[in-house]
Every structure is written in C-alpha cells, then in structure tokens.
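To start, the structure itself, in structure tokens.
The values are calculated or read from the model by the stated rules, or taken from the named source; none is laboratory data. Since the structure is predicted, the reported quantities are computational estimates derived from the model, not experimental observations. Every residue, glycine as well, gets a Cβ built from its backbone with ideal geometry; the counts of neighbours run over all protein chains shown. With ligands, DNA and RNA removed, areas are computed over all heavy atoms of the protein, side chains included. Shrake-Rupley method; radii C 1.70, N 1.55, O 1.52, S 1.80 Å.
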Amino acid sequence: MENCIFCKIIKGEIPCTKIYEDSKVLAFLDIGPVNKGHTLVVPKEHHETLLDMPDDLLAGVAKATKKIAKAVKEGMKVNGFNVLQSNYRVSGQIVPHYHVHIIPRLETDGLKHWSQGKYGDGEAEGTAEKIKKAL
Ligand code: AMP
Ligand code: ZN
C-alpha cells in the first residue's frame, strides 16, 4: 500500500524503534506512547482490519503479541498491560493497517477504562439474537 505509514516503516522508508521482527511480523515502539514501552505489533502484509486478516497471519501476530507482551512486562518492570486493537475509523483506528497495541500499565498512570451501561428488560436477549444471526 503506497501511502500506508506502517507499510513504509516495514519497507524501511520511515524509521522506527524496532523491538522484534520475524518473517511475518514487525513490532516497534509507538511514537506517541500512552506509557513508556507502548509497543505496536504489525503484520508485514498490508491488511486494514481484523476482518481482513488471514487466519494464519492473525495467529502469527497473536503469538508474537504474547512473546512481546511478556518482554514489555518484564523489561518495563510493570505489573500489567493492556492489549488493544481498533477497527474502522469509528472505533478510533487512525492507521488503516492492522496493528495491536501493547500498553504497559502503572498503578499511578490514572488511565480509566470506558464507561459501562446496562441492558433493560429483555434487551440482552434481543441483542444477542442480532449477533448470533450474523454468525
Ligand atoms: P490506532 O488508533 O490504533 O490506529 O493507532 C495508531 C498508532 O500509531 C498511534 O498510537 C500512533 O501514535 C502510532 N503511530 C503513528 N505513526 C507512527 C510512527 N511513524 N511510528 C510509530 N508509531 C506511529
Ligand atoms: Zn500498510
């Protein structure tokens, strides 16, 4: 993909701070870290979202994510981390090349999870039906 910033990083046209590389995956530090050590895990092939990812490549990214998350936890000496992945603009996906965020977490970082709602009477069942019909 010609104008994709992550494809340019993968081709070496734009620099990155590399953490890990194998034949299918590149991982590098996010340029705007939520916390220090925030790492992106990216397939070398261009696919836009989770729904576009071939299953075997997805498995390769998941395996690399586990390995790198362990190293982020140990290397950054943190007690936990978030693994986040956004799909489509409405979700906050800015770079349209599939990627996984590994964000080291600190007890003191003050980050909050999103707020949660409630289902009304019978609403959960109806909601589940809509999803199950599309499976
Ligand atoms: P997302 O909202 O999931 O699409 O996040 C894209 C992430 O890519 C953001 O956290 C950016 O800080 C990060 N990013 C954008 N350009 C670069 C770059 N050149 N090197 C490293 N990270 C980048
Ligand atoms: Zn790309």
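Apart from one condition, K66 fits all of (1) more than 16 Å from ligand 2 (Cβ to nearest atom); (2) within 27 Å of N3 (Cβ to Cβ); the exception is (2). Listed by first and then second residue, the pairs with beta-carbon distance under 6 Å, at least 6 apart or on different chains, first residue in the stretch 5-32 and closer than 17 Å to I94 by Cα, second more than 11 Å from ligand 1 (Cβ to nearest atom) and open to solvent by less than 60 Å² (accessible area, probe 1.4 Å), are C7/H46. For the stretch 79-106, the set of residues classified as near ligand 1 (Cβ under 10 Å from one of its atoms) and either polar (S, T, N, Q) or assigned to a strand (DSSP E or B) (or both) consists of L84, Q85, S86, N87, S91, Q93, V100, H101, I103, listed by residue number. Looking at the stretch 43-64, can you tell me whether even one residue there is at pLDDT 95 or above, polar (S, T, N, Q) and surrounded by fewer than 15 Cβ atoms within 10 Å (Cβ to Cβ)? No: the stretch 43-64 contains no residue that is at pLDDT 95 or above, polar (S, T, N, Q) and surrounded by fewer than 15 Cβ atoms within 10 Å (Cβ to Cβ).
Selection of the stretch 92-124 for residues being without any contact (Cβ under 8 Å) to a residue 24 or more places away in the chain and surrounded by 10 or more Cβ atoms within 10 Å (Cβ to Cβ) yields Y119, E123, A124. May I ask you to verify whether G32 is loosely packed, with under 13 Cβ neighbours inside 10 Å and within 16 Å of ligand 2 (Cβ to nearest atom)? No. Restricting to the stretch 1-29, name every residue that is of a type in the set (F, W, Y) and either away from ligand 1 (no atom under 11 Å from the Cβ) or open to solvent by 60 Å² or more (accessible area, probe 1.4 Å) (or both). The one that is of a type in the set (F, W, Y) and either away from ligand 1 (no atom under 11 Å from the Cβ) or open to solvent by 60 Å² or more (accessible area, probe 1.4 Å) (or both): Y20. Restricting attention to the stretch 10-43, the residues being touching a Lys or Arg at 6+ places or on another chain (Cβ under 9 Å) and within 17 Å of P96 (Cα to Cα) number 7. The single condition from (1) without any contact (Cβ under 8 Å) to a residue 60 or more places away in the chain; (2) outside any loop (DSSP other than H, G, I, E, B); (3) among the hydrophobic types (A, V, I, L, M, F, W, C) that V41 fails is (1).
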